[in-house]
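Accompanying notes for the structure given below.
The values are calculated or read from the model by the stated rules, or taken from the named source; none is laboratory data. Quick caveat: nothing in here was measured; it's all calculated off a predicted structure. In this analysis, Cβ positions are derived from the backbone assuming ideal geometry, glycine residues included, and neighbour counts consider all displayed protein chains. When the accessible area is computed, the model is the full protein with side chains, heavy atoms only, and any ligands, DNA or RNA have been set aside. Shrake-Rupley method; radii C 1.70, N 1.55, O 1.52, S 1.80 Å.
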Amino acid sequence: MTNFQRGGKRERLVASAAELMHRRGVQRTTLADVAAAADVPLGNVYYYYKTREDLVNAVIEQWRGVLRDGLGRLEERRTPQARLKGLAELWTSQAESVAADGCPLGGLSCELNKGHDALAAHAQELLAMVLDWAEGQFRALRLRDPRGLAVHLFSGIQGAALLANTFGDAPLLRAEVRRLDRWIDELV
């Protein structure tokens, strides 16, 4: 889920920023850290991103692209049921990373939301994208309260990611996703 393109300087800066913000958090990631990780002189960071906020927005946009691609690949699955199960698999495919550093989307959104500013609203769009997509899948299954079901599913994924990170326990995330898979099967 986190394979960012690392081509030119701009791409390397965003990929490095995303990785550092995931591992350390937004507040503890400095532009100097990002420049060093991207192998770009610090002065060049300001050429591409005038402010730290500009770089964080670029990271959010990068995540939006990753999500759009991941959800697009899920659309290739035959049924809404299979697509919903695939959503949770996006997290289990990164279970070790989630256990070590938390969910990159949930962590980013949670941390930025504390600022109650434009960055928070921008990051919120990432989680809303997932919820809207899941709601559409539940709607395609013709189930009652598709938004509520989408919230329940994504809350289960994010809650399991939080617990897996807290306890450093990737199998916990995998086990909870298996329970969510069974829940989806029972709904259908």
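Give the residues of the stretch 65-115 that are among the aliphatic types (A, V, I, L, M) and within 17 Å of residue 171 (Cα to Cα), sorted by residue number. Steps first, answer last, please.
Taking the stretch 65-115 and keeping what is among the aliphatic types (A, V, I, L, M), we get 66-67, 71, 74, 82, 84, 87-88, 90, 95, 98-100, 105, 108, 112.
Once the filter is applied, which keeps residues that are among the aliphatic types (A, V, I, L, M) and within 17 Å of residue 171 (Cα to Cα), the stretch 65-115 yields 88, 90, 95, 98, 99, 100.
When you scan the stretch 115-125, do you find a residue that is open to solvent by 50 Å² or more (accessible area, probe 1.4 Å) and farther than 24 Å from residue 65 by Cβ, even just one?
yes
Among the numbered criteria (1) open to solvent by 30 Å² or more (accessible area, probe 1.4 Å); (2) within 13 Å of residue 157 (Cα to Cα); (3) at pLDDT 95 or above, which one does residue 101 miss?
Here residue 101 meets the rest and fails (2).
Within the stretch 130-143, can one find any residue that is part of a helix (DSSP H, G or I), in contact with a Pro (Cβ under 8 Å, 6 or more places away or on another chain) and of a type in the set (S, T, N, Q)?
Checked the stretch 130-143: at least one residue is part of a helix (DSSP H, G or I), in contact with a Pro (Cβ under 8 Å, 6 or more places away or on another chain) and of a type in the set (S, T, N, Q).
Is at least one residue of the stretch 45-56 open to solvent by less than 50 Å² (accessible area, probe 1.4 Å) and either without any contact (Cβ under 8 Å) to a residue 24 or more places away in the chain or among the polar types (S, T, N, Q) (or both)? Break it down stepwise before answering.
Just the residues of the stretch 45-56 that are open to solvent by less than 50 Å² (accessible area, probe 1.4 Å), to begin with: 45, 49, 55-56.
Now drop any that are not either without any contact (Cβ under 8 Å) to a residue 24 or more places away in the chain or among the polar types (S, T, N, Q) (or both), which leaves none.
For the stretch 45-56, residues open to solvent by less than 50 Å² (accessible area, probe 1.4 Å) and either without any contact (Cβ under 8 Å) to a residue 24 or more places away in the chain or among the polar types (S, T, N, Q) (or both): absent.
Show the residue pairs that are 6+ apart or on different chains and have beta-carbon atoms under 8 Å apart, the first residue being within the stretch 77-106 and closer than 19 Å to residue 142 by Cβ, the second being surrounded by fewer than 18 Cβ atoms within 10 Å (Cβ to Cβ) and of a type in the set (Val, Ile, Thr).
Within 8 Å, the pairs are 81/188.
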